[in-house]
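Structure first, commentary second.
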Amino acid sequence: MWKRRRPAIQIKSTDQIELMRAAGLVVGRTLERLKEAVKPGMTTADLDGIAEESIRSEGATPSFKGYQGFPATICTSVNEEIVHGIPSAAKVLKDGDIISIDCGAIVEGWHGDSALTVAVGEITAERQRLMDVCEESLWHGLAAGRAGARLSDIGHAIETYIRAQGPYGIVEGYTGHGIGTEMHMDPVVPNHGSPGRGPELVPGMCFAVEPMVNLGSRHTWELEDGWTVVAQDGRPSAHFEHTFAVTGDGPWVLTALDGGRDRIAELHGEDARPTG
């Protein structure tokens with residue numbers, strides 16, 4: 001019987017992680033600018049222009065533009081679009097929409113990758129709750145990425161949190177990933193699964209964690225443009241992502257402007273509380 005080969009996971013030095021932090025900060029600042037810019041009446045192409053100018057003004061290179069033929073700097077996925085939406089001058093944002101913006105940047109050959117979902121004007125409480133659940137699940141996954149844990153602990157933490165919040169659809173066909181000198185590297189990081197499986201996490205590993213949560217079912221399909229993934233039932237979806245490094249002091253969220261330390265410490269404190 002042949003044993004399945006586990007994927008090789010790139011281990012970064014302290015200096016290399018600092019470069020990934022630099023790329024992550026470019027992405028984080030760009031997403032903050034985009035979040036502030038989103039409003040009814042603008043197009044997703046407008047957002048793409050802001051993103052490219054922001055990234056290049058900091059001396060970085062957009063990760064997405066030209067990647068496997070992708071034509072834009074960011075992915076813009078509106079409402080039932082889950083991921084990989086292509087910015088377009090014909091796609092006008094309306095009051096009540098939600099939009100996922102996924103962004104990547106390269107600094108000296110090292111990548112940062114992050115995403116958030118933003119409300120356009122006033123949205124329903126149901127859509128806001130969807131966004132909140134997705135974002136919080138991301139932080140639970142990041143907090144699970146401690147040295148000594150197993151890779152599957154990340155997805156298990158994400159799934160456990162979402163399942164406790166209601167009957168949301170957790171997208172399974174699209175996942176997080178290793179990241180470093182390439183945007184997508186081994187291993188795959190699912191957003192669901194049993195704990196205690198896969199490689200042990202050690203300092204120097206870096207991953208992009210990105211839950212995608214649907215208001216309806218988890219089932220998806222890809223549009224004819226070859227990129228945009230949508231919810232089959234046409235109901236809205238949210239998507240949040242951060243890149244983090246495993247360190248001896250806990251997860252360092254490279255694309256969060258504050259590094260995520262306080263939020264992760266808060267969740268670790270919750271985990272440590274006695275039950276019963």
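The values are calculated or read from the model by the stated rules, or taken from the named source; none is laboratory data. Source: prediction; values computed, not measured. Cβ sites come from the backbone with ideal geometry, for glycine too, and all protein chains shown count toward neighbours.
More than 20 Å from the chain's Cα centre (by Cα), touching a residue at least 60 places away in the same chain (Cβ under 8 Å), in a loop (DSSP other than H, G, I, E, B) and closer than 23 Å to Asp153 by Cα - does that describe any residue in segment 243-260?
Yes, segment 243-260 contains at least one residue that is more than 20 Å from the chain's Cα centre (by Cα), touching a residue at least 60 places away in the same chain (Cβ under 8 Å), in a loop (DSSP other than H, G, I, E, B) and closer than 23 Å to Asp153 by Cα.
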*Within segment 206-223, track down each residue that is surrounded by 24 or more Cβ atoms within 10 Å (Cβ to Cβ), over 16 Å from Gln165 (Cβ atoms) and not aromatic (Phe, Trp, Tyr).*
Cys206, Ala208, Val209, Glu210
*Restricting attention to segment 82-91, report how many residues are surrounded by fewer than 19 Cβ atoms within 10 Å (Cβ to Cβ) and not in a loop (DSSP other than H, G, I, E, B).*
0
*Can you find a residue in segment 7-16 that is hydroxyl-bearing (Ser, Thr, Tyr) and either buried (at least 16 other Cβ atoms within 10 Å of the Cβ) or closer than 29 Å to Arg127 by Cα (or both)?*
no
*Any idea how many residues of segment 224-236 are part of a loop (DSSP other than H, G, I, E, B) and either without any contact (Cβ under 8 Å) to a residue 40 or more places away in the chain or over 14 Å from Cys134 (Cβ atoms) (or both)?*
8
*Given (1) among the charged types (D, E, K, R); (2) within 28 Å of Gly250 (Cβ to Cβ); (3) in contact with a Leu (Cβ under 9 Å, 6 or more places away or on another chain); (4) part of a helix (DSSP H, G or I), where does Glu126 come up short, assuming only one miss?*
(2)
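Yes/no matrix, rows are residues, columns are (1) under 26 Å from Leu130 (Cβ atoms); (2) out of contact with any strand residue (DSSP E or B) (no Cβ under 8 Å at 6 or more places or on another chain); (3) modelled with pLDDT under 95:
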site	(1), (2), (3)
Gly176	yes, no, no
Met183	no, no, no
Pro195	yes, no, no
Glu222	yes, no, no
Ala238	yes, no, no
Thr255	yes, no, no
Gly260	yes, no, no
Gly269	no, yes, yes
*Within segment 69-81, can one find any residue that is assigned to a helix (DSSP H, G or I), surrounded by fewer than 22 Cβ atoms within 10 Å (Cβ to Cβ) and under 16 Å from the mean Cα position of the chain (by Cα)?*
no
_Only one of Ile158, Ile154, Ile99, Ile106 is touching a strand residue (DSSP E or B) at 6+ places or on another chain (Cβ under 9 Å) and farther than 30 Å from Gln16 by Cα. Can you tell me which?_
Ile99
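For residues that are out of contact with any Gly (no Cβ under 7 Å at 6 or more places or on another chain), outside any strand (DSSP E or B) and over 22 Å from Met212 (Cβ atoms), tally how many sit in segment 95-117.
2
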